[in-house]
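Enquirer: Sharing a structure with you now.
The values are calculated or read from the model by the stated rules, or taken from the named source; none is laboratory data. The shown structure was predicted, so the numbers you read here are calculated from the model rather than taken from an experiment. Here the Cβ is made from the backbone with ideal geometry for all residues, glycine too, and neighbour counts use every protein chain on show. Accessible surface areas use protein heavy atoms only, side chains included; no ligands, DNA or RNA. Shrake-Rupley method; radii C 1.70, N 1.55, O 1.52, S 1.80 Å.
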Amino acid sequence: MRVLLVGGGGREHALALGLAADPAVEALVAAPGNPGIAEVASLREVTATDPAAVAALAVDVAADLVVVGPEAPLVAGVADAVRAKGIAVFGPSAEAAQLEGSKTFAKDVMTAAGVPTARAYTCVDAAAVARALDEFGAPYVVKDDGLAAGKGVVVTDDRAAAERHAAECGRVVIEEYLDGPEVSLFVVTDGEAALPLLPAQDFKRVGDGDTGPNTGGMGAYTPLPWAPPSLVDDVMRDVVHPTLAELRRRGAPFAGLLYVGLAITAAGPRVIEFNARFGDPETQVVLAMLETPLAGLLHAAATGTLAGHPPLRWRDGAAVTVVVAAEGYPAGPRTGDVITGADRAGIIHAGTRRDADGTLRSAGGRVLCGTATGADLAAARDAAYALVRGVELAGAHHRGDIASAAVDGRITIPG
Ligand code: AMP
């Protein structure tokens, strides 16, 4: 199988490692890729959000499967353009990707499908914003209605800050606060059949103890020792299958990766958000645990044959990833700094670039992450931190508490 992988972040580096390890993959091309991906794939230039350009590249490299990593190309219609060339693509149509592209669309689908989620209002003016904030009370949850790379959400007790964010975004969704630990559940689907991957937890806030502003994600671990044993089955029954059925009913079947972001509240799992692609950095840990060949799995989802796919196989133990961020991230990351110590197994590149002379430099807010597996969560965490400590990057910062509450048994479900 010849595979074209679209994207160039940490998620795509993790996907590239999984795809390259699948014996069925004879050639892996990534566009635009990154210096980490370049170790396992040949790189091509492309504007990932240009559907015609990606489709032409897929034809040019004679791809049997195109895997689209990030959300923006999906929302722009890249999967539709590739499919129109008769090439299998792992990633939903632009219409189905609205599940991520528009919070209002997602709420609408959830309501129609009876999916448990936070009550919410879409607001376009200050008066409506004030009414919604009054009704739900603090903590206030204010979300930009469009794509915001996971950074368009403000959760705050500060009423003025909530109003300010709403005014800056224009069209916002204001919703009730969901209290409870968060879970990311990835589901591989061809629109009808659906296979859940291992549930993971990520760390959205920049600082230890979940302090500071929201980020794209500062670390992750899997599996979740504290999760109720029935969690995945419950979410498949109450959330995933009703959502897929509703999208089929609308004539916009969702084939690709359905990312279900949940809060485990006293009343049970509640959907915080859907995404239309693998999450970053949870992908790094989930794929580190997956034994089933990745390309075969994604190809089955892309060709409507997932029902016939064998059950997934997982490694024993646990996986942890710790993100190393640039100075100033998330507000204003500094780029261009030299990185050393990154050339080792388990270092996943996210925002890096290589000079002509081979020097590795930071090129984004989340620069790289150290990903490790271990016999248990504590061992995986220690190994991930050992990787991160071996990296030198001026001004860089990382959280010191990734997976620690789970290791110490400090995560509880309210109620
Ligand atoms: P989102 O972009 O919707 O994933 O939101 C980013 C982060 O904001 C989530 O991972 C949660 O930590 C937090 N968040 C979003 N919505 C809610 C909510 N209704 N209640 C509590 N926290 C939320």
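Enquirer: I need the full set of residues from segment 208-223 which are under 25 Å from G374 (Cα atoms) and over 17 Å from the mean Cα position of the chain (by Cα), in order please.
Expert: If the condition is that a residue be under 25 Å from G374 (Cα atoms) and over 17 Å from the mean Cα position of the chain (by Cα), then D208, G209, D210 are the ones that fit.
Enquirer: Going by the conditions given, is A300 of a type outside the set (F, W, Y), within 16 Å of the ligand (Cβ to nearest atom) and in contact (Cβ under 8 Å) with a residue 60 or more places away in the chain?
Expert: no
Enquirer: I've got another one for you. Only one of these is aliphatic (A, V, I, L, M), within 16 Å of the ligand (Cβ to nearest atom) and touching a residue at least 40 places away in the same chain (Cβ under 8 Å): V67, V78, V109. Name it.
Expert: V109
Enquirer: Out of the residues in segment 147-163 meeting the condition of being open to solvent by 30 Å² or more (accessible area, probe 1.4 Å) and small (G, A, S), tell me which one is farthest from the ligand (Cβ to nearest atom).
Expert: Only one residue tops the list, namely A160.
Enquirer: Can you pull out every residue in segment 93-133 that is part of a helix (DSSP H, G or I), farther than 24 Å from A72 by Cβ and open to solvent by 40 Å² or more (accessible area, probe 1.4 Å)?
Expert: If the condition is that a residue be part of a helix (DSSP H, G or I), farther than 24 Å from A72 by Cβ and open to solvent by 40 Å² or more (accessible area, probe 1.4 Å), then T111, A112, A126, A127, R131 are the ones that fit.
Enquirer: Of all residues in segment 164-189, count the ones that are in a strand (DSSP E or B) and either near the ligand (Cβ under 9 Å from one of its atoms) or in contact with a Cys (Cβ under 8 Å, 6 or more places away or on another chain) (or both).
Expert: Within segment 164-189, residues that are in a strand (DSSP E or B) and either near the ligand (Cβ under 9 Å from one of its atoms) or in contact with a Cys (Cβ under 8 Å, 6 or more places away or on another chain) (or both) number 6.
Enquirer: So is A62 out of contact with any helix residue (DSSP H, G or I) (no Cβ under 9 Å at 6 or more places or on another chain) and open to solvent by 40 Å² or more (accessible area, probe 1.4 Å) or not? Spell out the reasoning first.
Expert: Working: out of contact with any helix residue (DSSP H, G or I) (no Cβ under 9 Å at 6 or more places or on another chain): yes; open to solvent by 40 Å² or more (accessible area, probe 1.4 Å): yes.
When the stated conditions are applied, A62 passes them.
Enquirer: Here's a follow-up. Can you tell me which residue within segment 164-195, out of those that are open to solvent by 40 Å² or more (accessible area, probe 1.4 Å) and not hydrophobic (A, V, I, L, M, F, W, C), is nearest to the chain's Cα centre (by Cα)?
Expert: The residue in question is E182.
Enquirer: Related question: Restrict the check to segment 329-345 and report whether at least one residue is in contact with a helix residue (DSSP H, G or I) (Cβ under 8 Å, 6 or more places away or on another chain), open to solvent by 20 Å² or more (accessible area, probe 1.4 Å) and over 23 Å from A96 (Cβ atoms).
Expert: Looking for residues that are in contact with a helix residue (DSSP H, G or I) (Cβ under 8 Å, 6 or more places away or on another chain), open to solvent by 20 Å² or more (accessible area, probe 1.4 Å) and over 23 Å from A96 (Cβ atoms), one finds at least one in segment 329-345, hence yes.
Enquirer: Let me ask you something else. Given (1) open to solvent by 30 Å² or more (accessible area, probe 1.4 Å); (2) within 22 Å of the chain's Cα centre (by Cα); (3) not small (G, A, S), where does R361 come up short, assuming only one miss?
Expert: (2)
Enquirer: Name the pairs: first residue in segment 262-282 and within 12 Å of the ligand (Cβ to nearest atom), second residue among the basic types (K, R) and open to solvent by 10 Å² or more (accessible area, probe 1.4 Å), Cβ to Cβ under 6 Å, at least 6 apart or on different chains?
Expert: A263/R270
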